[in-house]
Number of protein chains: 2
Amino acid sequence: MRPTLTLTEAGRHQTLEELKAFLRIPSISAQPEHKEDVRAAAEWLKSALERAGLEHARLIEGEGHPLVAADWLHASGKPTVLFYGHYDVQPPDPLDEWQSAPFEPELRGENLYARGAADDKGPTLLWVKALEALIASSGELPVNVRVLCEGEEESNGEHIAQWLDEHASEIPSDAVIVCDTEMFAKDWPSITVGLRGIVYVEIEVRGARADLHSGQYGGTAPNAVMAAAEIVTALKDRDGCIRVNHFFDDVIAPSEEELAQWAALPFDEEAYLEEEIGSTSLTGEPGYSVLERVWARPTLEVHGIRGGYTGEGSKTVIPARATIKLSCRLVPGQIAGDIVRRLEDALKLATPAGVTASLTVLGSAPASLVDPSHPCLKLALETMSAHFPNPASFIRSGGAIPIVGKFQSTLKAPCILFGFGLPDDNLHAPNEKFYIPNFWRGMEVIADYLRRLAIHG
Amino acid sequence: MRPTLTLTEAGRHQTLEELKAFLRIPSISAQPEHKEDVRAAAEWLKSALERAGLEHARLIEGEGHPLVAADWLHASGKPTVLFYGHYDVQPPDPLDEWQSAPFEPELRGENLYARGAADDKGPTLLWVKALEALIASSGELPVNVRVLCEGEEESNGEHIAQWLDEHASEIPSDAVIVCDTEMFAKDWPSITVGLRGIVYVEIEVRGARADLHSGQYGGTAPNAVMAAAEIVTALKDRDGCIRVNHFFDDVIAPSEEELAQWAALPFDEEAYLEEEIGSTSLTGEPGYSVLERVWARPTLEVHGIRGGYTGEGSKTVIPARATIKLSCRLVPGQIAGDIVRRLEDALKLATPAGVTASLTVLGSAPASLVDPSHPCLKLALETMSAHFPNPASFIRSGGAIPIVGKFQSTLKAPCILFGFGLPDDNLHAPNEKFYIPNFWRGMEVIADYLRRLAIHG
C-alpha cells in the first residue's frame, strides 16, 4: 500500500538518533536515586513534542514524577484523540547479562537494544514523530490531538490516576491511543482488548530475634528463609495450582467466541518454549491452553526472596528475616482488595510455627476490557491490517496497563492499544530491544489512522 | 580458690586495649577484598606471641591465608601442649542490625561487642596473655608449648589441614588446647567432647534463558526462585523432617549414658526459646530433645536464597536463576561424601519441570569425638571445676571445628576444648560479644591447667 508518510534516509537517521538520545536517559522510576534522570526524560519528551509542532507542551507537577502534556486542537469538527505513553523504564539488573550497556543504545541488525527501547520509549516516540511528520508535510493534523504521558508506569505511581480523577473533564477525547503493547507475532498485527490486572505485595517473614549460628541452633531455631520457601510453596503447589482459598471465585471466563478466535491464532507452542522462554518445559495451571493461561487466568508469581547470606563463599547462618516479593495477575471479575484479603488469610494458614509473616501491598491495578465492537476499534483493526502482511486480530495481553481502565472510566472513551512491540523484545529483562522496521511501520499506521478517523470517525 | 595469675587493674586495662586492637582488624576470610586485613590480623597475632615471650613466632605461607606459629620448648621432661585458635572472622552483615559498628569494639556492661569478640579473637588472646603472664612472673612456662593458629576457619580453607598432613611430625604434642567453644551456660563450665561436622553446598537453579516479564509469561514460564523454594521444601518438610533418602542411614546414636548425662544438665527450654532464640516456638525433628537435636542429630538448613528482584519497590520479573546456600550438619557415623551423593540424588527428585539444578560443594568437615576418659581430659575437667561456681561437665556442640578431627588424626593427641564463650554471644550474627569476666577466668584456667599438667601430666 501507499505509505502515508514520506520518510527520507536522512529523516530516518535523524529520528533514530533522537530515539537513542531518549534511551540514554536512565529514567528508572522505581529507584529514588534516578529521580533527576526521570525528570530529564520528562523534559526531553516535552521538547520533542514542541519540536513536533504540538502546542502547550508542559510538565504537570504533583506527587511523584511529572506528567507530560501537550495538544493541537485546530481540526474543527473532527474527533479528538488522546495519545498516551510512558517515559520511565524498568531497572536494568541483572546488569551482567546485557550484551551492550542498557543505557547505551546499540543497533544490531534490525533491532535497537536498550532498556526502554520497546517499553515504552520506542512506541512513544513513534507517534510523536508521526505527528511531527504530518504537521511538517501539511502544516496541520487531520484530527484534534491531546497528549498525556507519565513517568511512573513501572513503579505503580498514582500521579496520572489522581490527576485524571480530578481533571479528566478538561481533556475531553473521543478515543485514547496507547502504544505500549506488542503484536501477536512478527507480521501478525493485533489490537489488544483485554489486559490482566495485578496486585503486588511484599511479605516480611521474621523468625528468631537475630541471625543465629547454624551449628549452635541448627535443629531447633526457626529459619526465616526456609519459612519463606514454605509459605510460597503453600500458596502455589508444584503443579502450578494456586492454593489460596476463594482465589478463583470471581473469575469471569472468556466467551466461547473469544476462545475460538484465540485457538485460530498462529500460535507455535514449541517455538514459544524454545525461542521465547528458552527452557525445557512450560509450567502453569493444568487444563488450560497457553494463551488462556497468559490472557485469561490469574497467576501467583514470586519475584524474589531476600534473606540470609547470599554473598561469596559460605556463611553458616540461620536467617532471622526474609522478604518475599510476590504478585498476582488478575483477570476480569477479580477485585484487587478481595484478593489481598484472601492472600492475607492464606498467609496465616501458610506461616509455619516459630515465625511471623506480614503482608504489605506495594501496588495494584484492575484488569481491563475494551469493547471490540466500538467503531474506533474496528477502524483501528482495518488500519493495522492495511500495513502488515497478515490481517490484524483482537487479542488480550497478560500484562497490566493500569491506565487503560482509568482512561475508560474517566474519559468514557475507548482505548485503542496499537501494538508494535514483538514477543521477543525482552521487556523487563536484560537485552530489551525494539524491532526498528516496526518503528517505521508504526509511524505509518498512526498517521494513516488519524487520516481515516478524520474521514470516518 | 587462689588465683594462679596476678592481674593488676593496669594490666587488665592494657590487655583489654590489646584485644580491642585485634578486633579492629576486619579479618573476614571469606571475602577476597579483605585479604590484606586477614594478613594484618596474622601479623598482629605473631607480634602478640613475640610480646608474650614465645619463640620462633612466624607466618607459615601456603595456599590461602597464612598460619601463625610459635613455640617455647624449654620445660625439659614435661609434656608438650599445642595451642590452637583462629584470627579470621565471619562477615558482619546484616550491618544495620549492629548496635555498635562490628569493627569498633565497644564495652557495654561486662560485655565487649565486636565481630570476632567470642569467635575467636577473645578466646585466642586469652591463652596468649596467660602464657605472657606466666613467663613474665617466673621467666618460664611449666610445660612445653607450641602454637598453631589459622586464618581460614570461617571460610572452609584447607591450608592448616594440608600443612598438618605434611608437617605434623615436626610438632609432636601430647595434647591440643582449643579455645573456640562455649560453656553450657553462664557459671556452668564445660569441656566439649563431640562436634558436628558439616557439608556446605550451593545449588544453582536455572529456568528460562533470561528473566521474563511476569505479565507476558506469568502462568507458563518456569520461575527459578519458586523452583528454589520447591526444592528446599522437598528436601525438608514443614515438620522439620529431612526428606533425603538414606540421609540417616549411618548416624551413630549417643550412648544411653551420654543421654542420661545430658538430661541432668540445667537446661531451661523456655529461657532457651525466649532469651537465646527470641521466637514463639522451637522447630526441628519431632521426637528428640533440644540437646539431642543440636548435639546428636544431623540438620539441613538453608542459609540464603538469591534470585529475582529484591531491591526497593517492585519489579515484575520471573527470575531465570536462583542460588541456594544450604548446609547439613553431620554427626558421628555420617561421611560428607556420602551425604553429598544423597543430596544430589534428592535434588534430582526435587527439581520441578522446566528448571535445571546443579550442586557445588563449598566445604565440608567430619564430625569429631574426643575420648573423655583420657587423663588430660579428666585433668581439664577438674581444672575448670576449680574456677567456676559449678562443677564442669563433658558436653557436645552443634557446631563444627574441622581442625579437631585433623589434630587428633595427625598428632595422635587429644583435643581439649575449653569453652569460655556463652550461649548468647551472637556468634556469626549481629552484636557478637564476649563476656569479659570469662576472659580473666579463662586466663586463670589456662595458667592453672599448665601448672597441673606439669605435675600430673
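In summary, A:Ala133 fulfils each of the numbered conditions (1) among the small types (Gly, Ala, Ser); (2) surrounded by fewer than 24 Cβ atoms within 10 Å (Cβ to Cβ); (3) within 21 Å of the chain's Cα centre (by Cα) with the single exception of condition (3). Give region A:405-457 a look and list any residue that's farther than 18 Å from A:Trp127 by Cα, away from every other protein chain (no Cβ under 14 Å), touching a residue at least 40 places away in the same chain (Cβ under 8 Å) and of a type in the set (D, E, K, R), or say none. The one that is farther than 18 Å from A:Trp127 by Cα, away from every other protein chain (no Cβ under 14 Å), touching a residue at least 40 places away in the same chain (Cβ under 8 Å) and of a type in the set (D, E, K, R): A:Lys406. For region B:297-312, the set of residues classified as crowded, with 24+ Cβ neighbours inside 10 Å and part of a strand (DSSP E or B) consists of B:Glu301, B:Val302, B:His303, B:Ile305, B:Gly308, listed by residue number.
Suppose we filter region A:192-217 for residues that are among the polar types (S, T, N, Q) and more than 8 Å from every other protein chain (Cβ to nearest Cβ); how many remain? The qualifying residues number 1.
Number of residues in region A:277-292 that are at the interface with chain B (Cβ under 9 Å from one of its Cβ atoms) and crowded, with 19+ Cβ neighbours inside 10 Å equals 6. Residues being more than 21 Å from A:Leu417 (Cβ to Cβ), in a helix (DSSP H, G or I) and small (Gly, Ala, Ser) are represented in region A:167-177 by at least one member. Residues that are among the acidic types (Asp, Glu) and closer than 18 Å to B:Leu126 by Cβ within region B:42-79 comprise just one, B:Glu50.
Can you name the number of the only condition in (1) within 14 Å of chain B (Cβ to nearest Cβ); (2) hydrophobic (A, V, I, L, M, F, W, C); (3) surrounded by fewer than 24 Cβ atoms within 10 Å (Cβ to Cβ) that A:Ile401 fails? Looking at each condition in turn, A:Ile401 falls short on (3). Can you find a residue in region B:218-229 that is of a type in the set (S, T, N, Q), at the interface with chain A (Cβ under 7 Å from one of its Cβ atoms) and either surrounded by fewer than 24 Cβ atoms within 10 Å (Cβ to Cβ) or part of a loop (DSSP other than H, G, I, E, B) (or both)? Yes: region B:218-229 contains one or more residues that are of a type in the set (S, T, N, Q), at the interface with chain A (Cβ under 7 Å from one of its Cβ atoms) and either surrounded by fewer than 24 Cβ atoms within 10 Å (Cβ to Cβ) or part of a loop (DSSP other than H, G, I, E, B) (or both).
Scanning region B:337-344 for any residue that is modelled with pLDDT under 90, among the acidic types (Asp, Glu) and under 24 Å from the mean Cα position of the chain (by Cα) turns up nothing.
Can you pull out the residues in region A:39-52 that are of a type outside the set (A, V, I, L, M, F, W, C) and in contact with a strand residue (DSSP E or B) (Cβ under 7 Å, 6 or more places away or on another chain)? If the condition is that a residue be of a type outside the set (A, V, I, L, M, F, W, C) and in contact with a strand residue (DSSP E or B) (Cβ under 7 Å, 6 or more places away or on another chain), then A:Lys46, A:Glu50 are the ones that fit. Within region A:399-425, how many residues turn out to be assigned to a helix (DSSP H, G or I) and either outside the structural domain of A:Lys121 (by TED's automatic domain parsing) or over 14 Å from the mean Cα position of the chain (by Cα) (or both)? The qualifying residues number 6.
For region A:353-371, the set of residues classified as surrounded by fewer than 21 Cβ atoms within 10 Å (Cβ to Cβ), within 12 Å of chain B (Cβ to nearest Cβ) and assigned to a loop (DSSP other than H, G, I, E, B) consists of A:Ala353 only.
Residues in region A:313-333 that are under 19 Å from A:Gly363 (Cβ atoms) and buried (at least 24 other Cβ atoms within 10 Å of the Cβ): A:Ile324, A:Lys325, A:Leu326, A:Ser327, A:Cys328, A:Arg329, A:Leu330, A:Val331.
The values are calculated or read from the model by the stated rules, or taken from the named source; none is laboratory data. Everything quoted here is computed from the prediction, not taken from an experiment. FYI the Cβ positions are ideal-geometry reconstructions off the backbone, even for glycines, and counts take in every protein chain you see.
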